[in-house]
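Chemist: Sending over a structure as structure tokens; questions will come in a sec.
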Amino acid sequence: MSLSLTPFGRAIRDFRAERHLLLYDMSQALGLSNAELSSIEMGRRAIPTDMIDRLEAIYAFGIRWRRKLEDGLSRTDNSPEAIIRRNQEGARP
């Protein structure tokens, strides 16, 4: 079973695509490994509470992207139970 992106992960990927940023580029700018950022996008790792603020400080985006990211965050279940469930789903053959 392949995991899909969370709404927040989709918003981050859309932002990266618009800015022509690779996962590597953004992960380095955030001080994360590629695996950590990918896990956040896939919902397999908790979204840091300051993630949108950190992205905004680095990329200086406007209100449009802030709203898209906040909307994605509000539609993503970031609870420990949801993260555990998504990790278990991803571990199935």
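The values are calculated or read from the model by the stated rules, or taken from the named source; none is laboratory data. Note that the structure is predicted; figures quoted are calculated from it, not measured. Backbone-built Cβ (ideal geometry, glycine too); neighbour counts: all protein chains shown. Note: areas computed on protein heavy atoms with side chains; ligands, DNA, RNA excluded. Shrake-Rupley method; radii C 1.70, N 1.55, O 1.52, S 1.80 Å.
Chemist: Return the residues of region 74-91 that are in a loop (DSSP other than H, G, I, E, B) and open to solvent by less than 80 Å² (accessible area, probe 1.4 Å); say none if nothing qualifies.
Modeler: THR76, ASP77, ASN78, SER79
Chemist: Let me ask something additional. List pairs: first in region 75-93 and more than 19 Å from ALA11 (Cα to Cα), second of a type in the set (Lys, Arg) and at pLDDT 85 or above, Cβ under 9 Å, 6+ apart or cross-chain?
Modeler: These pairs meet every condition: ASN87/ARG44; ASN87/ARG45; GLY90/ARG44.
Chemist: Now a separate question. For region 43-65, give me each residue that is touching a helix residue (DSSP H, G or I) at 6+ places or on another chain (Cβ under 6 Å), closer than 19 Å to ILE83 by Cβ and assigned to a helix (DSSP H, G or I).
Modeler: ILE52
Chemist: Taking region 1-14 only, how many residues are assigned to a helix (DSSP H, G or I) and open to solvent by less than 50 Å² (accessible area, probe 1.4 Å)?
Modeler: Residues in region 1-14 being assigned to a helix (DSSP H, G or I) and open to solvent by less than 50 Å² (accessible area, probe 1.4 Å): 5 in total.
Chemist: I've got another one for you. In this structure, does ALA17 turn out to be part of a helix (DSSP H, G or I), within 21 Å of ARG75 (Cβ to Cβ) and in contact (Cβ under 8 Å) with a residue 60 or more places away in the chain?
Modeler: Judged against the criteria, ALA17 is not a match.
Chemist: While we're on this one: Applying the selection to region 26-42, what residues are under 19 Å from PHE61 (Cβ atoms) and open to solvent by 60 Å² or more (accessible area, probe 1.4 Å)?
Modeler: Across region 26-42, the qualifying residues are GLN28, GLY31.
Chemist: Tell me, please, whether a residue that is crowded, with 18+ Cβ neighbours inside 10 Å, within 19 Å of ARG19 (Cβ to Cβ), at pLDDT 95 or above and among the basic types (Lys, Arg) can be found in region 49-69.
Modeler: yes
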